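Here the structure comes first, spelled out in structure tokens, and everything after it is commentary.
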Amino acid sequence: MTEPPAAVVRRFFERYEQAGVDGALELVTPETVLVVPPEASAEPDTYQGPDGGRRYFAGFEGALDDVRFELLEIEEASPDMALVEMRLIGRGAATGIEVTQTTFLVITVRGETIQRIVAHADREAASREIERSRSEPRIG
């Protein structure tokens, strides 16, 4: 039986906390896409697969130390999608000042893997994406 998206998302965050980037990336496939739009980051980009995930996390090097991702809330949006509220926490590499950013993720899951993550600056934007995906015809 397929796990609900919240279980897969929770495991993703737990693996990051326990085993680091490579532990979390065990739950992505070569087709997995991470979208970080301009409204959610100073360095927007699209990342694909485990190598893209490593490139995303490497972007913190030299800018932030002690980067952590705190899972705040998971809401099941559909049988294959979750709305996630999370907080990025780190310390400025040059300044030592603590940095926090709350981000909302729309995470699509297939089976026990993460297929797509789209970051949003606020809950309303994430909710709009979920509504759009519900109205799109499903293929396959």
(message) With touching a residue at least 60 places away in the same chain (Cβ under 8 Å), among the polar types (S, T, N, Q), touching a helix residue (DSSP H, G or I) at 6+ places or on another chain (Cβ under 9 Å) and within 20 Å of Pro4 (Cβ to Cβ) as the only criterion, which of Thr32, Thr103 stands out?
(response) Thr32
(request) Please state which one of Tyr47, Tyr16 is part of a helix (DSSP H, G or I) and hydroxyl-bearing (Ser, Thr, Tyr). (result) Tyr16
(message) Testing Arg54 on (1) surrounded by fewer than 13 Cβ atoms within 10 Å (Cβ to Cβ); (2) at negative phi, one condition comes back false. Which one is that?
(response) (1)
(request) For Gly111, work out the one condition from (1) surrounded by 12 or more Cβ atoms within 10 Å (Cβ to Cβ); (2) touching a Ser or Thr at 6+ places or on another chain (Cβ under 9 Å); (3) not hydrophobic (A, V, I, L, M, F, W, C) it doesn't fulfil. (result) (1)
(message) Thr95 - would you say it is touching a residue at least 12 places away in the same chain (Cβ under 8 Å), out of contact with any Pro (no Cβ under 7 Å at 6 or more places or on another chain) and not small (Gly, Ala, Ser)?
(response) no
(request) Out of Ala40, Ala7, Ala24, report the one residue that is surrounded by 18 or more Cβ atoms within 10 Å (Cβ to Cβ), free of Cβ contacts under 8 Å to residues at least 40 places away in the same chain and within 17 Å of Val84 (Cα to Cα). (result) Ala24
(message) Regarding the range 110-120, can at least one residue be identified that is in contact with a helix residue (DSSP H, G or I) (Cβ under 6 Å, 6 or more places away or on another chain) and over 27 Å from Pro4 (Cα atoms)?
(response) no
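Here, each number is a calculation from the coordinates, and none is a lab measurement. Note that this is a predicted model, so its numbers are computed, not measured. Reconstructed Cβ throughout: ideal geometry from the backbone, glycine too, with neighbour counts over all protein chains shown.
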